[in-house]
Each structure stands twice: as C-alpha cells, then as structure tokens.
Amino acid sequence: MRGKKKKVDVFQMLKTVLPMIYKSAPGFFIIFIMIAILHGLSWAVKVFFMQRFYDTASTVITTGGSIKDIYLSLLIYGIIVISAEIVNGLHSFVYMPFNQKCIGYMMQKIHLKVARIRPIEYENAEILNDINKSEQGINNIFNMVFSFIMVLTFFVPYILFMSFWLLSIKPILVISMLISMLPFMVTKMLQTGMFARLEDEIAPVRRSFNYYEQCICSKEYFKETRILGAVLYFKKLYKETLILLNAKSLKVIKRACFMDLCGKLIGLIGYLAVLYLFVNALLDGSITAGTFAAIFTAIAKIQEMVGGLIGAAGSIGQNSGSINNLLKFLNMPEVDGEDEVVDRKGEIELNNVFFTYPGMDTMAVSNLNLKINYGETVAIVGQNGAGKSTLVKLLTGIYTPSQGQVLISGKDTKNISRKAMFKGVSGVFQNYQKYQMTLRENISISDIENRKTDDQIINILKKADVSVDSVVFPQGLDTMLSREFDGVDLSGGQWQRVAIGRGLNRVNDFIVLDEPTAAIDPIEETNIYKKFSEVSRGITAILVTHRLGSARIADRIVVMDHGQIAEVGNHETLMAKHSLYYEMFTAQAKWYEQTPLQKAAVT
C-alpha cells in the first residue's frame, strides 16, 4: 500500500512544470508570453479608444464641432481594432507549434525515465498504473501551462485595466464584479480535488479497457481470439469496462456541471447587478454617454474574460490530477549502479540468491549458488514454473536479487549501471519481436554501433539457417518483412531464425538463448544448436530449453525445480545419477521412439 494520497498542490505543481515548458522551447515560450500580454492589453486599449470615439461623436453632434474629429477618432479606433485582431491571429498561430514542441519534449522525458526505471518495476501493477496516468498528464501539461499563462498575461491585465478604469468612475462597480467572481473560484477549487481523485480511480480501469481492446483488434491476438471464439468474451469485458469507465467519469462530470451551473447563475445575477449600476450612473450623470456606450459594449467582454479566467483556473484544476501523476512518475527513484564498466570476460557467481516478484508472497527462486566460467556453455532446464526465466534475468542483470549477490567479474549487479550491464550482452528469446522493417534492418538493429556489410549479414543469417537467396526473400536483404508495408510475412519458424540471426549479429561476450526454437522442429533445432555451439565458442553462453536433447551441447546443465537448483553437471553425469534430469530426459525420449508399427512402416 502506498498510503493516503497527498493533496494536489497546484502552485507547487506549476513551479515544477513551468521550467520544463520553458526548456522545451525557450524562444516560443518568450514570444508566446509577449504576444499574450499584447493580446490582453489590446482589448483594454480598444475599450478605452472606443470611449474616446463615442465621446467625440457625442460632443461633435451636441456642440457642432468639426466632423474631422469624428473621422480621426474613428481612424485611430479602427487601427487599434485591426491591431488587436492581428495580435489575436499571431497568438493562435504560435499556439500550435509551441504545443507540439512541448508535448514532444515531455514525451522524450517520460521515455528517458522509462529507460532508467528498474525492469522489475514493470512487474508491479501500481507502477504500471502510474505510467498510464503519466501518459494522460503529457496531453494535459501544455493545457495547464497555457491556461496559467493566459491567466497572468491576458485575463489578469485586461481585468486589472478595466477594474482601475471602473474604479475611477464608480468604485461600487468593481466591488460588485469581484463579489460575483467569488462563487466561481470556490467552485473550481472544489472541482480540482474531484478530478484529481477521479484520475487516480480510473487509471487501472483504463489500463484494462486498453488491454481488452488490444485482445479484440490487434494483429497479435487476432487469429487466436477469433478461432477460439473468444471475441465475444473480450467484447463483453470491453463493454463492461467501458461502462464502468464512463460511469465513474460521468458521475464526477455531472457534479462538476452542477457546480458550474450554480456558479453561472450567481454570475448572471452579478452581471445584471453591474448593468443596473451602470444605468443608474448614466442617469445620475456620473458617466458620460460615450463612457456608458463603451462600457456597455465591453461589459459582455468583461464577463467573458471573467468566465475565461475561471475556465482557465478550472482547466488547471481539472488537469492537475493527471499532471501530478506525471510529475510523481518523473520523480520516481532511479536505482542505478555507479560502476560504468564491467568485464563480461570474467566469472559469474550467484551467492545465496533469493528473488521475489512485487506483490508476491512466495519466492520465485531461493538459495541459488552457482558459478559460471567465461567461455562456458550452460544449459538451464526444468519444468514450467521451475524458475528458469527468473534465473536468466538474474544472470543477465535485468533483475537484481531480493537477497544475496550476483557477481560479474567480482562486481555486484546492484552496483553496475544499466548501460554497462548490457554492453557486450546478446540474447534471443521465445517472445521475440517481429519488426516491420527490411531483413537487413531486422538483423542490424541489434548492434547499430557496429554496422556490418551485406556479406557479413548474409554469413550471420547462414549461421541461423536463413537462406537469403530463397524465394522467401524476393528482394534479398531489402525484403520488407511486413504485408502491411507491401512486403512478405514469415512463418513462425522463419521469424525465429531471423530473431536468432539478430542475436548472433550483436558483438558480445555473453549470449542467452531462452527457448528461441520453440516453433522449429527438433531436427532443425538440433542443427541450429550445433551451429550455435560453434559460433558461441570462446564466449559465455546460456541456453534455456524444454527439449533436453538440445541441452547435450552444453558444458554443464543446471536443473531447476521449484525455484531451486536441483542438479548441476554434464549430460552423462546427470544421466548416471538417475535423478530428476534422468526422469525428465527419459520421459521426453519416449515421445521420439518409434512404435513397432512405425518401424514396420519404415522397413
């Protein structure tokens, strides 16, 4: 449990966010503020010159002055109006690029943050919720800052100008306007907390909603969900989650709308009261007809500005919940080691290692003690759930132990930086990626810093049993591996060979093959592992497999059972013990033995 949620401090949030927005585009930031100030002042100046025009026209008509004065006043007023519209257009013109610059900068920050978070955090549901909530904050952060800038540079200057002007005419007018604004401010302050709590509540629901949508529509799930008839089930879950998501949001939005309605009713009363006072001031001679005409024309704008000010404050409050989540995510502790160099050409040692996944009470692996020499090929075998994958993640440094030590050349993985940890490390996993790029890119992407020639890539592919000259790749290395981009699609086995080639392409001193041949038949698998044994000679290699026949290429075999190391030895030694490995191997061998009927068919 994370304890009680902290109250959202909007001003502290703005103090943190504003420097980020400035850094995203300093030039745009300064220009945007300058234009916003001019925009606000232009509206105020426009009202002032409107009064001058009406007073001039009234004086000329009543006293018989020169008509030129009216035209001159009108010309000045027209220039002010045109200038105000130009500034308004510039304001809108600068908004979009500034917005895109800001969002791009924040996306970069969150992606860099994701890269620095410990991989184990992705096993934590609360962290995943925080990431989801932070993504919503990216979309809202500019709106919040934009609203704040508009408050300070546009709404406030205009309202202050009008307030001082009205104060000089009749102080009671300003006081009545301020009183009419108070209910709005209270309303928006209440809404701030409401939307912040809503965002915390719906984040896990939204994650489920997005996942169910994936299960129905994405290419990854498309085939299985339809063949098995699971679409209707996921559709039901999708609909239920959507209803829940909308219900929670609608409940808060209804309350917010009711508050807005109450605030606007009070504002309307205030508007009518101010209008009444203006009419009385005109009748008792406190203001001229020109002043009344200017104020009467501007009073709607004043109310619009007040509404805009309140709306901007509401936008800040409404977005503060998701933005607060973004800031919390960006401030999440980054646990990274200080050692920037690690020698992968050394011994890997596990000393009394225990590991527990977040939110779990039972140990995934416990009391592991193992030494792996440089240049040794080690196979890790065991039943499903025995702890094989967890052990691999500990050996590679993806995860660090909950207890105990994993040492690489004498350095604790807890003290090694992420960048140094994975330098010189390669891997091929069962859940490999199918990059929608050319064959060349699919291979070379694993080692961008050490670009290979086409001949070198072709040789690497041969080691993975991929023939570039085959009809499967009509454009050779330039063949696009995606039908969505007018290319070809590969079978599961072909994709696995490409993934193996990608792993072999990376210059490394340590390579992991974690069930990379699951979609390849045993005979081809044996050939691939033989080639792998040749290319991995002289470096440390870890092989995880369910097919124990393939484990025979290893120098040593580590047998996992219920999160512990049950046995260690080569194939012959383990078979001689007649223990767990022997039982597993003989059980699998029976599946490959020919029955008398099969033998007769062959002969």
Listed residues 281, 293; which is modelled with pLDDT of 65 or more, among the small types (Gly, Ala, Ser), crowded, with 16+ Cβ neighbours inside 10 Å and touching a Lys or Arg at 6+ places or on another chain (Cβ under 6 Å)? 281
Could you identify the single residue in 176, 163 that is more than 26 Å from residue 35 (Cα to Cα), modelled with pLDDT under 75 and surrounded by 14 or more Cβ atoms within 10 Å (Cβ to Cβ)? 176
Just wondering, is there one or more residues in the stretch 16-24 that are closer than 16 Å to residue 162 by Cβ and in a helix (DSSP H, G or I)? no
Here the residues within the stretch 541-589 that are among the polar types (S, T, N, Q), more than 17 Å from residue 388 (Cβ to Cβ) and in contact with a strand residue (DSSP E or B) (Cβ under 8 Å, 6 or more places away or on another chain) are 570, 579
Can you tell me which residue in the stretch 199-245 is modelled with the lowest pLDDT, limited to those that are among the β-branched types (Val, Ile, Thr) and in contact with a helix residue (DSSP H, G or I) (Cβ under 7 Å, 6 or more places away or on another chain)? 225
Residues located in the stretch 246-260, provided they are surrounded by fewer than 16 Cβ atoms within 10 Å (Cβ to Cβ) and modelled with pLDDT under 80: none
Among (1) among the polar types (S, T, N, Q); (2) surrounded by fewer than 22 Cβ atoms within 10 Å (Cβ to Cβ); (3) in contact with a strand residue (DSSP E or B) (Cβ under 8 Å, 6 or more places away or on another chain); (4) over 24 Å from residue 582 (Cβ atoms), the one test that residue 369 misses: (4)
What do you reckon, is residue 17 over 30 Å from residue 194 (Cβ atoms) and either at pLDDT 80 or above or hydrophobic (A, V, I, L, M, F, W, C) (or both)? no
Over the stretch 556-586, the set of residues touching a Gly at 6+ places or on another chain (Cβ under 9 Å) and among the charged types (D, E, K, R) is 556, 561, 577
Checking residue 334 against (1) surrounded by fewer than 17 Cβ atoms within 10 Å (Cβ to Cβ); (2) modelled with pLDDT of 90 or more, the condition it does not meet: (2)
Members of the stretch 385-422 found to be in a loop (DSSP other than H, G, I, E, B), crowded, with 18+ Cβ neighbours inside 10 Å and either out of contact with any helix residue (DSSP H, G or I) (no Cβ under 9 Å at 6 or more places or on another chain) or charged (D, E, K, R) (or both), listed by number: 386, 387
Would you point out which residue out of 27, 64, 89, 78 is loosely packed, with under 15 Cβ neighbours inside 10 Å, at positive phi, not β-branched (Val, Ile, Thr) and not assigned by TED's automatic domain parsing to the domain that holds residue 137? 64
Pick from 253, 269: which is over 28 Å from the mean Cα position of the chain (by Cα), among the β-branched types (Val, Ile, Thr) and assigned by TED's automatic domain parsing to the domain that holds residue 210? 269
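Under 29 Å from the mean Cα position of the chain (by Cα) and surrounded by 15 or more Cβ atoms within 10 Å (Cβ to Cβ), is that true of residue 48?
Judged against the criteria, residue 48 is not a match.
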Among the residues that make up the stretch 51-71, is at least one of them modelled with pLDDT of 85 or more, assigned to a helix (DSSP H, G or I) and touching a Lys or Arg at 6+ places or on another chain (Cβ under 9 Å)? no
Matching residues, the stretch 102-120, being over 27 Å from residue 390 (Cβ atoms) and touching a residue at least 60 places away in the same chain (Cβ under 8 Å): 102, 104, 105, 106, 109, 110
Can you name the residue in the stretch 445-467 that is farther than 17 Å from residue 529 by Cα and of a type in the set (A, V, I, L, M, F, W, C) and is also modelled with the lowest pLDDT among such residues? 448
Taking residue 426, is it assigned by TED's automatic domain parsing to the domain that holds residue 542, in a helix (DSSP H, G or I), of a type in the set (Gly, Ala, Ser) and surrounded by 18 or more Cβ atoms within 10 Å (Cβ to Cβ)? no
Does residue 69 satisfy the condition of being surrounded by fewer than 16 Cβ atoms within 10 Å (Cβ to Cβ) and acidic (Asp, Glu)? yes
Which one of the conditions (1) polar (S, T, N, Q); (2) modelled with pLDDT of 90 or more; (3) more than 30 Å from the chain's Cα centre (by Cα); (4) over 23 Å from residue 496 (Cα atoms) does residue 377 fail to meet, given that it meets all the rest? (4)
Being touching a Lys or Arg at 6+ places or on another chain (Cβ under 6 Å) and either at pLDDT 80 or above or surrounded by fewer than 17 Cβ atoms within 10 Å (Cβ to Cβ) (or both) is the requirement here; does residue 37 meet it? no
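The values are calculated or read from the model by the stated rules, or taken from the named source; none is laboratory data. What you are looking at is a predicted structure, and each value in this text was computed from that prediction instead of being measured. Glycine also receives a Cβ, built like all others from the backbone with ideal geometry; neighbour counts cover every protein chain displayed.
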